[in-house]
């Protein structure tokens, strides 16, 4: 593409856009987005080829899935479920994404289970965890930090993961 | 989601976020971030494009291995629409004179529905 000059950043600012959009709907109080100056950092402690990797999504399970078989599925609670059970797709209709310009019919566009299994088969990573993990998008920072995040940590510790790939829709 | 990544990092687990909402993730502050400048919904690549999905996911693995400090962002080389890439950006959550009254009415309708539900004792579900 040709070089260009612009008065605004090129990528979408969802913080700016959502403030204007909900303001136009009569919600004058802007959402308070999470901001941190300090950022924690953990280094990988062994070669990636020896690592068990896990995936975290903001998607829900399909409603048709047997909820009794999946911890937390169906509610706005964190859950862990088998990757094999996600291969038919997850439930995204209630989530916030660009429904006019794309779709989520291809699982690996938002939860790359197949791609990571291919990397495992090639030896790039040790393995993909049998389970993946779901965390609901919650307007409450407190619920996300105090309820959801510790639950996801518990799941990934149960599965003895070495690193985690998180993909918000 | 970024808050979850931070929690895992604080517990000693390396993480990488793959996403398309650059400002939200970077304001929250995460250790490693692969930014794919696509419409929300397909952060790990276009539907049906296995090669692209593998490339984006591979970049996340690269970051896990090679980032040495927090706030490391890597942007993918991919473009959603090489002909008119601003169209989807401009269209999403657009507010202008063409839809201002529609949005105001939608907000009124939503508040009214919520008030009715509250009066009937229904929670948010």
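The values are calculated or read from the model by the stated rules, or taken from the named source; none is laboratory data. Not measured: the values here are computed from a predicted model. With ideal geometry, Cβ positions are generated from the backbone for all residues, glycine too; neighbour counts draw on all protein chains shown.
Among the residues of region A:126-145, the ones that are surrounded by 15 or more Cβ atoms within 10 Å (Cβ to Cβ) and not in a helix (DSSP H, G or I) come to 12 in all.
Considering only region A:121-150, how many residues are out of contact with any strand residue (DSSP E or B) (no Cβ under 9 Å at 6 or more places or on another chain) and closer than 27 Å to residue B:24 by Cα? Summing the residues that are out of contact with any strand residue (DSSP E or B) (no Cβ under 9 Å at 6 or more places or on another chain) and closer than 27 Å to residue B:24 by Cα in region A:121-150 gives 14. Only residues that are within 8 Å of chain A (Cβ to nearest Cβ) and either in a helix (DSSP H, G or I) or within 30 Å of residue B:49 (Cβ to Cβ) (or both): list them for region B:95-116, please. Of everything in region B:95-116, those that are within 8 Å of chain A (Cβ to nearest Cβ) and either in a helix (DSSP H, G or I) or within 30 Å of residue B:49 (Cβ to Cβ) (or both) turn out to be B:100, B:103, B:104, B:106, B:107, B:108, B:110, B:111. Taking residue A:81, is it surrounded by 13 or more Cβ atoms within 10 Å (Cβ to Cβ), at pLDDT below 85, more than 10 Å from chain B (Cβ to nearest Cβ) and not in a helix (DSSP H, G or I)? No: the conditions fail for residue A:81.
Note on region A:111-145: residues that are more than 7 Å from chain B (Cβ to nearest Cβ), at pLDDT below 95 and touching a helix residue (DSSP H, G or I) at 6+ places or on another chain (Cβ under 8 Å) total 2. The set of residues in region B:1-30 that are part of a loop (DSSP other than H, G, I, E, B) and either over 23 Å from residue A:9 (Cα atoms) or more than 7 Å from chain A (Cβ to nearest Cβ) (or both) comprises B:1, B:11, B:12, B:13, B:14, B:20. Of all the criteria given as (1) assigned to a strand (DSSP E or B); (2) at the interface with chain A (Cβ under 8 Å from one of its Cβ atoms), the one not satisfied by residue B:73 is (2). In region A:146-169, which residues are more than 10 Å from chain B (Cβ to nearest Cβ) and crowded, with 22+ Cβ neighbours inside 10 Å? Residue satisfying the conditions is A:155 alone.
Going through (1) within 18 Å of the chain's Cα centre (by Cα); (2) at pLDDT 95 or above; (3) under 27 Å from residue B:93 (Cβ atoms) one by one, residue A:59 falls short only on (2). Residues in region B:76-104 that are touching a residue at least 40 places away in the same chain (Cβ under 8 Å) and touching a helix residue (DSSP H, G or I) at 6+ places or on another chain (Cβ under 8 Å) were compared, and the one that is farthest from residue A:37 (Cα to Cα) is B:80. Any residue at all in region B:33-43 that's touching a helix residue (DSSP H, G or I) at 6+ places or on another chain (Cβ under 7 Å), buried (at least 23 other Cβ atoms within 10 Å of the Cβ) and at the interface with chain A (Cβ under 7 Å from one of its Cβ atoms)? Checking region B:33-43: at least one residue is touching a helix residue (DSSP H, G or I) at 6+ places or on another chain (Cβ under 7 Å), buried (at least 23 other Cβ atoms within 10 Å of the Cβ) and at the interface with chain A (Cβ under 7 Å from one of its Cβ atoms).
Of all residues in region B:31-66, those satisfying the criterion of being assigned to a loop (DSSP other than H, G, I, E, B) and more than 14 Å from the chain's Cα centre (by Cα) are B:31, B:46, B:47, B:48, B:49.
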